[in-house]
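Input: a single structure, listed below in structure tokens.
No lab work stands behind these numbers, since they all come straight from the coordinates. Because the structure is predicted, anything quoted here is derived from the model rather than measured. Cβ sites come from the backbone with ideal geometry, for glycine too, and all protein chains shown count toward neighbours.
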């Protein structure tokens, strides 16, 4: 055949490509590169050495020196660190090894109960348990026990496919809650009352005694733990084992054929994650001087998953960023914090959502925003004329926003039932928006936003504790549908 | 094929031996309680089991076609239960129904099945369809989000209070006494639940086995791509599968409300777990397996509640699940999965 096809100028000449290198795959990084400021930040961040990234954490050491109340440091600082720790552990299981562990929170609880049992006094059901071990021994024991428990649970994953593993571990988590709540015959866990009489962290070795008792002290201790775990996990992820984990996540069969002990790797990841959860649990129990069954329920599990997913499974930076973002928004949405913060956060989230929805066209965004504002005032004016009850309600802790809300959102008195219908209608509208395209979408967005504000002001803000969980549920769904790799994860290159 | 059916027979024989040992143990070694108590628990277990079987069918159908664990199914069941309660309240409540009771109960079932079915459709469309080609872990996390969203939405809208169906007030406190006045009691409500569940299961089997849609469903379940090449729209088949499975879940929710009266926003979690256990014990993806599994889980739970106590009952059910998964991962009636490369 002398007739060779003419060389295509777009195709690389064979001299440019090395043998055995898939160009499309090798250029994945360049394709992924974003332009603009975001892309530049990402590039600079990617270029930093690991120690440089770690050094960026140092400002966090100084947080306790700021003039903040104990409660603020506890609610924000301690919780962020504990969830960062938990997320780092779960990241090993889910992010590196790709095992969906829904019983993870049980290890957290197990660590907490182990610490509480080993360093505290309890009288229950005629049994008295008095152990006042030094913290280094009880934390170590808790961590080792969790690792062993993880080994046992993980060995069930040997025969289980991904989904089955998820459900078995979910059962394990549930069984833990049932057990601690009521089914324990020896009173070790003291049922639903939990264990309250716990020592603070008290280290004593070679005649040196050190007791951590203040919130700030716990903050620093936890900070040290996070840095330590961060370094360990980082080294681990770069090691042979870490690479093997990722390989067996991507394709267990191929990994097996390359001679990797896939089962043993899975169990290792499981057990390692469990140990970190145990560490987090024992420090958590000491910090809140108690371990209670409700601390280790499904809601906590969802929170940890939200952190890992938002941060981006597999990314260590992502875990810290995710923990910060999730815990801050979680606490801000809480009832005990000033409600206007919750409100600001909510509307900010709404604005970000609209911006993401219309990121392709500024014109549509402008039209949607302007008509939303206009529609709010119009509805309000009409209601004022024909339905006085509709505007005579009061704003729930409005602060400086009271006036704006009062003029723009309908606030009926006795709005309960209306708000419920509004909520249901809102779900339908959101469903519709996702289906619509182009200008139709622009047409439906303003009424949806006005309705959202209505539901928020009349229903959601009054039950912040529930609302935040609803929002996290939505966040998980939306993230999975739009950006499953999270904030700091990298989109995978699919090789077909 | 021959080896599979032999394995299924072996499983069933093993199950029979275990059950026989249990019956002997339960009756001869707890003489204070005797046969009547045992059979009463068994009847209760069958009622509970038919509810679990309906839930399990929802899991099994979806798993069979998508190889996906629909974590949100338990909450679809819970919503079905609430819809039934809403219809009951709208039409006058259990004590003074506005329309004939039979019609009212029918309305509750129809509304709950429709509502749950549409909800299932929506969940499929939003939480699962965008993730069809994503890694396997993605739809599971999305499902977790859906479950959480549904639970907390109901908590937000209707509060944490228990709602009372008062099914016995609505239908009847009477029932059939088997073996005399002191014998085993089966309420008419229980009869209604068992026969309703049977009816739905027969309808489902007929749908899957004989209808055009059933044929399409089996084809998609067998090989989605090949089915698409033959002119079947897999997305449509999957959507309808979700509709059917969720509708069964909704019916189970109403049945649960009628028999156990109290519903609240968290009933979906445990019921979902147990329905899933049932599906796995029977062999996930297999329709008769889901029924058998549901029955077994109901029986075990009822016996454990009678001879041990309520909290331990859950642990026993969980223990059975873990045991079955470790020893017979493909379930009693399921076929061992061959991994295609």
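Ordered by packing density, taken as the mean number of other Cβ atoms within 10 Å over each peptide's residues, highest first, how do B:287-294, A:318-325 rank?
Highest-to-lowest ranking by the protection proxy: B:287-294, A:318-325.
Relative contact order for region A:341-462: what percent, with Cα pairs under 8 Å and sequence separation of 6 or more?
Relative contact order, region A:341-462: 30 percent.
Can you give the helix-only mean residue ellipticity at 222 nm for chain B, where every DSSP H stretch with n ≥ 4 adds -39500 (n - 2.57) and the sum goes over all residues, rounded to the nearest 500 deg cm²/dmol?
When only DSSP H runs of four or more count, the value is -25000 deg cm²/dmol.
Quote the relative contact order of chain B in percent (integer), defining contacts as alpha-carbon pairs under 8 Å separated by 6+ residues.
Worked out over chain B, it gives 33 percent.
So which residue, out of B:117, B:282, B:159, gets the largest mean-square fluctuation from a GNM of chain B using Cα contacts under 10 Å as springs?
Checking each option, the largest mean-square fluctuation is seen for B:159.
Pick from B:114, B:48, B:199: which residue has the top mean-square fluctuation in a GNM of chain B where Cα pairs under 10 Å get a spring?
B:199
For a footprinting-style exposure proxy, rank B:88, A:63, B:95 by other Cβ within 10 Å, fewest first.
B:95, A:63, B:88
Please compute, for peptide B:126-139, the average count of beta-carbon atoms on other protein chains lying within 10 Å of each residue's beta-carbon.
Across the residues of B:126-139, the mean count of other-chain Cβ atoms within 10 Å is 5.
Mean projection of the alpha-carbon convex hull of region B:155-237 over all orientations, in nm²?
Spelled out: convex hull of the Cα atoms, projected over all directions, averaged, 10.5 nm².
If r is the Cβ-Cβ distance from residue A:231 to residue A:66 and R0 is 25 Å, what FRET efficiency results, to the nearest 0.05?
After rounding, the FRET efficiency stands at 0.45.
Hey, how many Å between the Cα centroid of region B:308-331 and the Cα centroid of region B:93-166?
26
Which of the peptides A:84-90, B:39-45 is most tightly packed, and how do the rest follow, going by the mean number of other Cβ atoms within 10 Å of each residue?
A:84-90, B:39-45
Other chains near B:200-213: what is the mean number of their Cβ atoms within 10 Å of each residue's Cβ?
That works out to 0 on average.
Can you pull the mean other chain C-beta count within 10 Å for peptide A:93-100?
2
Evaluate the relative contact order of region A:49-332 (contact order divided by residue number), counting alpha-carbon pairs under 8 angstrom at least 6 apart; express in whole percent.
After rounding, I find 37 percent.
Provide A:131, A:202, B:73 in ascending order of the number of other Cβ atoms located within 10 Å of each residue's Cβ, fewest first.
Least to most surrounded, the residues fall as A:131, A:202, B:73.
Would you mind telling me which residue in B:205, B:55, B:137 has the biggest mean-square fluctuation in a Gaussian network model of chain B, where springs connect alpha carbons within a distance under 10 angstrom?
B:137
Arrange the following residues from fewest to most other Cβ atoms within 10 Å of their Cβ: B:307, A:219, B:188.
B:188, B:307, A:219
Obtain the nm distance between the two label points defined at residue B:166 and residue B:101 by a simple spin-label model: each point lies 7 Å from its Cα along the Cα-to-C-beta direction.
Label-label distance for residue B:166 and residue B:101, simple model: 1.3 nm.
I'd like the distance separating the alpha-carbon centroids of region A:283-355 and region A:430-494, in whole Å.
17
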